[in-house]
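Asks: One structure follows; several queries about it will come next.
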Amino acid sequence: MTIYDGEEEKEQIVLSDYKTKEEMHVLMVEKGFQRKSDEEIAEMMAQKDKEAAEEAQRKHQEREERRRQQKERQMEQDQRRKEALLEEQKRKAREEYGDDGNDRNDEL
């Protein structure tokens, strides 16, 4: 365990050196730690749960946004391919029927 005073590291303690719960409790009291009430612990746990749920929701929204953007890019690519294919078909038609793209039946 590392004990800090603000940003400054004050002390390193090897917790595995303490074999019993009582030894650990004495250490914590000596170092100025205070035991939280059951209500405080429950409140902290509820806050952590809330933060975890919010983080999960944020990540979900980010994934959904990436999926939406990917789908949009795919649709744009598909549209460009269709337009390129149409242009190629028009070019072939002009080559086959002449520069104006009209065949002889259109003139009737």
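Asks: Output the direction-averaged projected area (hull surface divided by four) of the convex hull of the alpha-carbon atoms of the chain, in nm².
Replies: The orientation-averaged projected area of the Cα hull of the chain comes to 16.6 nm².
Asks: Using θ = phi - 60° and the Karplus relation 6.51 cos²θ - 1.76 cosθ + 1.60, list the HN-Hα couplings for region 35-42 in order, rounded to whole Hz, with x at every Gly or Pro.
Replies: Here the 3J(HN,Hα) series is 6, 7, 6, 4, 5, 5, 5, 4 Hz.
Asks: Just the number, please: carbon plus sulfur as a percent of the accessible area of the chain, 1.4 Å probe, no ligands or DNA/RNA counted.
Replies: Carbon and sulfur together cover 47 percent of it.
Asks: Would you please give the FRET efficiency between residue 1 and residue 59, computed as 1/(1 + (r/R0)^6) with r the Cβ-Cβ distance and R0 = 30 Å, to the nearest 0.05?
Replies: Calculated transfer efficiency: 0.45.
Asks: For residue 38 and residue 17, calculate 0.36 nm times their separation in residues minus their Cα-Cα distance, and state this gained length in nm to one decimal.
Replies: 4.8 nm
Asks: Towards the positive end of the charge dipole of the chain, with charges on Cβ (+1 Lys, Arg; -1 Asp, Glu), say which of 47, 98, 28 has the farthest Cα.
Replies: Positive-most Cα among the choices belongs to 98.
Asks: Need one number: nm distance between label points at residue 50 and residue 73, each 7 Å from Cα along Cα→Cβ, rounded to one decimal.
Replies: Computed distance between label sites residue 50 and residue 73 equals 3.7 nm.
Asks: For the chain, compute the number of Lys pairs whose alpha carbons are separated by less than 24 Å, excluding pairs fewer than 8 positions apart on the same chain.
Replies: The result is 16.
Asks: In square angstrom, what is the accessible area per residue of the chain with a 1.4 angstrom probe?
Replies: 95 Å²
Asks: Can you run phi through the Karplus equation (6.51, -1.76, 1.60; θ = phi - 60°) for region 49-58 and list ³J(HN,Hα) in whole Hz, with x for Gly and Pro?
Replies: So the Karplus estimates, Gly and Pro as x, are 4, 4, 5, 5, 5, 5, 5, 4, 5, 4 Hz.
Asks: Now, a different point. Pick out, in residue order, every one of the trypsin sites (Lys or Arg not before Pro) in region 1-97 that is DSSP loop and has at most 15 other C-beta atoms within 10 Å; say none if there are none.
Replies: Of the trypsin sites (Lys or Arg not before Pro), the ones in loops of region 1-97 whose Cβ has at most 15 other Cβ atoms within 10 Å are 19, 31, 35, 36.
The values are calculated or read from the model by the stated rules, or taken from the named source; none is laboratory data. Just so it is clear, the structure is predicted and the values come from calculations on it, not from any experiment. All Cβ positions, even for glycine, are placed from backbone atoms using ideal geometry, and neighbour counts span all protein chains on display. Remember, those area values only see protein heavy atoms, side chains included, never the ligands or the DNA or RNA. Shrake-Rupley method; radii C 1.70, N 1.55, O 1.52, S 1.80 Å.
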